[in-house]
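Taking it in order: structure first as structure tokens, then the write-up.
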Amino acid sequence: MYQALLQPLKYVNSHFHTCYSTSWNNFLFQELFNKLVLNENISLNEIGKKIIFHIDFDYFYAQCEEIRKPDLRNIPSVVCVYSGREEDSGVVSTCNYEARKYGVKAAMPIRLAKSKLKDIEAIFLPTDMPYYHDISRNAMRIIENYGELFEQVSVDECYVDFTKITNSDFDDAKIFANSLQKNIKDQINMTCSIGVGPNKLISKIASGINKPNGITVVSREDAKNFISNCKIEDIPGVGPKTAKKLESLGIGSISDISNKSIFELRDALGYKTATFLVNASNAIDYSQIKVRGTSKQIGKIVTLKKDIVDFEQINLTAASLCTSVYENLRNKGQAFRILTIILILENLQHVSFSKSLKLYSASFDELHKNSLFIIKEMINNNSISLDNIRRMGVVVSDLKDISGQDSLVNYFEN
Ligand code: DCP
Ligand code: CA
Ligand code: CA
């Protein structure tokens, strides 16, 4: 591997000092940095094609409350962390968009929030973290079950690499984002905002643009212009301290940063921050989706041939998907309990259905039989014509480690 890197390293060395402020050299330099320092095995080609979604649920704790108390939907509601010292001491955790109209926001003292909602019918509630975490798990599972690279970054937000599902096409990504948003709403009655971009940085900023229930798509071509129109503080991770340092260097906008080289900013900000900011100001972000822990689901999605007309072809595809998922389960020594089938249609609308088995299973027959049953039900219930199905996926989740358990040796058949 290091041998392969010697060539570009020489190339950079010989050109770096003469024109190091161009974004191309920053680009090469950061690429090498990633490979050598972060040891990430990614190619420029792969980076250039990615479509990353950032999904952030709207007014999350307050929306969780609305799910169990629908009456809250039309009045200002404020979720609070009460300190218990005095009746109203504590801070606002979040509030719905009705309350935001009156200037209430997160981290505000409860007393101030109450004064803003004086004489208005409004509800103040204490947080209920176990309940919010339950909803978060359900919400994330819907997204994770697409079987693509998934990273949850907080209780209410995640990144997903949907390059494959969208065929790396931003027009398709927009349609898919709409369908995903609708699917989530149908399943858990919750709205989210989705940012779509060529990397995590752009998608993260984009998801905050059209809140609530918004979708913002920033294509590869538009990314540089998009970021140039953002404020420096919009870049995630830029706090008041960094903003102040930049100001003292006469840098007040993202375009100002993009006109600098890493070396001009390095002394004031440190190498890492300088590199990050110069890249970010050029809409470049190399951070990868970090799939956490052991995989929580195993799945496979394939594209179907265009001319599917009879169910036999659907059967064959389902059998091949189940075989692949089963082999993966077997290699990992895991049993599953939840089975999800995903159908993506020609117009990129998608239908998914999950079934929870009574007991954990690692049986191919059970996986196959249930998959076929669900696929048939989905096709019939949604009146889907077979030649309209573009992609099909089988995903198993709620996995349990069963390797090394003698009594469970018969879990897997040959
Ligand atoms: N949160 C909190 N205190 C804060 C900020 C957030 O307790 N100062 C909690 C409550 C939020 C949740 O984290 O519901 C998610 O935070 P977000 O920043 O995503 O804000 P919301 O989801 O509430 O609102 P938005 O619609 O702006 O995303
Ligand atoms: Ca949120
Ligand atoms: Ca969030």
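Each value in this text was obtained by applying a stated rule to the coordinates, not by laboratory testing. Just so it is clear, the model here is predicted, and its values are computed rather than measured. Every residue, glycine among them, receives a Cβ derived from its backbone with ideal geometry; neighbour counts consider all protein chains shown.
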**Prompt:** Relative contact order for the stretch 235-335 using alpha-carbon pairs under 8 Å, separation at least 6, rounded to a whole percent?
**Reply:** 17 percent
**Asked** What value, in deg cm²/dmol to 500, does the helix sum -39500 (n - 2.57) over DSSP H runs of n ≥ 4 give at 222 nm once divided by the residues of the chain?
**Response** -13000 deg cm²/dmol
**Request:** Let me see the pair-distance distribution of the stretch 54-193: every alpha carbon pair, 5 Å bin width, integer percents in order.
**Result:** 2, 10, 18, 19, 17, 12, 9, 7, 4, 2, 1, 0
**Prompt:** residue 83 to residue 311: FRET efficiency via 1/(1 + (r/R0)^6), r the Cβ-Cβ distance, R0 56 Å, to the nearest 0.05?
**Reply:** 0.35
**Complete:** In vacuo Debye sum over C-alpha of the stretch 277-341, base-10 log of normalised intensity I(q)/I(0) at q = 0.23, 0.24, 0.26, 0.27 Å⁻¹, listed in q order, is -1.03, -1.08, -1.18, -1.22
**Item:** Value of relative contact order over the stretch 318-364, rounded to a whole percent, pairs C-alpha under 8 Å and six or more apart
**Value:** 41 percent
**Request:** Name the residue farthest towards the positive end of the dipole of the stretch 179-271 from the options 240, 228, 195, assuming +1 on Cβ of Lys and Arg, -1 on Cβ of Asp and Glu, about the Cα centre.
**Result:** 195
**Message:** As an exercise, identify the trypsin sites (Lys or Arg not before Pro) in the stretch 86-132 lying in DSSP coil whose Cβ has no more than 16 other Cβ atoms within 10 Å.
**Reply:** 101, 105, 118
**Asked** residue 347 to residue 303: extension gain in nm, 0.36 nm per residue of separation minus the Cα-Cα distance?
**Response** 14.5 nm
**Request:** Pairs of Cα atoms under 8 Å, at least six residues apart: use those to get the relative contact order of the chain, whole percent.
**Result:** 15 percent
**Prompt:** If each of residue 400 and residue 73 carries a label point 7 Å out from its Cα toward its Cβ, how far apart are those two points in nm?
**Reply:** 3.8 nm
**Rh (Kirkwood; distinct C-alpha pairs) - the stretch 142-257, Å** = 15.4 Å
**Request:** Among 257, 131, 352, pick out the residue whose Cα is farthest towards the positive end of the charge dipole of the chain, where Lys and Arg carry +1 and Asp and Glu carry -1 on C-beta, about the Cα centre.
**Result:** 257
**Prompt:** Charges only on Cβ, +1 for Lys and Arg, -1 for Asp and Glu: so what's the dipole of the chain about the Cα centre, in debye to the nearest 20?
**Reply:** 660 debye
**Prompt:** Which chymotrypsin sites (Phe, Trp or Tyr not before Pro) from the stretch 53-137 combine a DSSP loop assignment with at most 14 other Cβ atoms within 10 Å?
**Reply:** none
**Request:** Check every DSSP H run in the chain and write down those whose alpha carbon atoms cover 24 angstrom or more along the long axis and whose mean Kyte-Doolittle hydropathy is -0.5 or greater.
**Result:** 2-19, 311-332, 364-381
**Request:** Please go through the residue pairs 300/369; 49/204; 116/185; 174/204 and name each one whose alpha carbons sit more than 19 Å apart in this structure.
**Result:** 116/185
**Complete:** The answer for the net charge of residues other than residue 68 whose Cβ lies under 12 angstrom from its Cβ, with Lys and Arg +1 and Asp and Glu -1, is -3
**Asked** Could you state the number of Å between the C-alpha centres of the stretch 366-394 and the stretch 53-122?
**Response** 42 Å
**Asked** How many nm separate the modelled label positions at residue 106 and residue 377, each set 7 Å beyond the Cα in the direction of the Cβ?
**Response** 3.7 nm
**Request:** For each pair in 105/200; 224/296; 305/376; 290/400, compute the distance between the two Cα atoms and list the pairs where it is over 28 Å.
**Result:** 224/296
**Asked** Once a ≥ b ≥ c are taken as the square roots of the eigenvalues of the Cα gyration tensor of the stretch 234-338, is the result rounded (a/c under 1.5), prolate (a/b larger than b/c) or oblate (a/b not larger than b/c)?
**Response** prolate
**Prompt:** What is the Å³ per residue value for the convex hull set by the Cα atoms of the stretch 107-153?
**Reply:** 121 Å³
**Prompt:** What fraction of the Cα pairs in the chain, stated in percent, has a spacing above 27 angstrom?
**Reply:** 61 percent
**Request:** For the stretch 325-362 and the stretch 165-241, compute the distance between their C-alpha centroids and round to whole Å.
**Result:** 27 Å
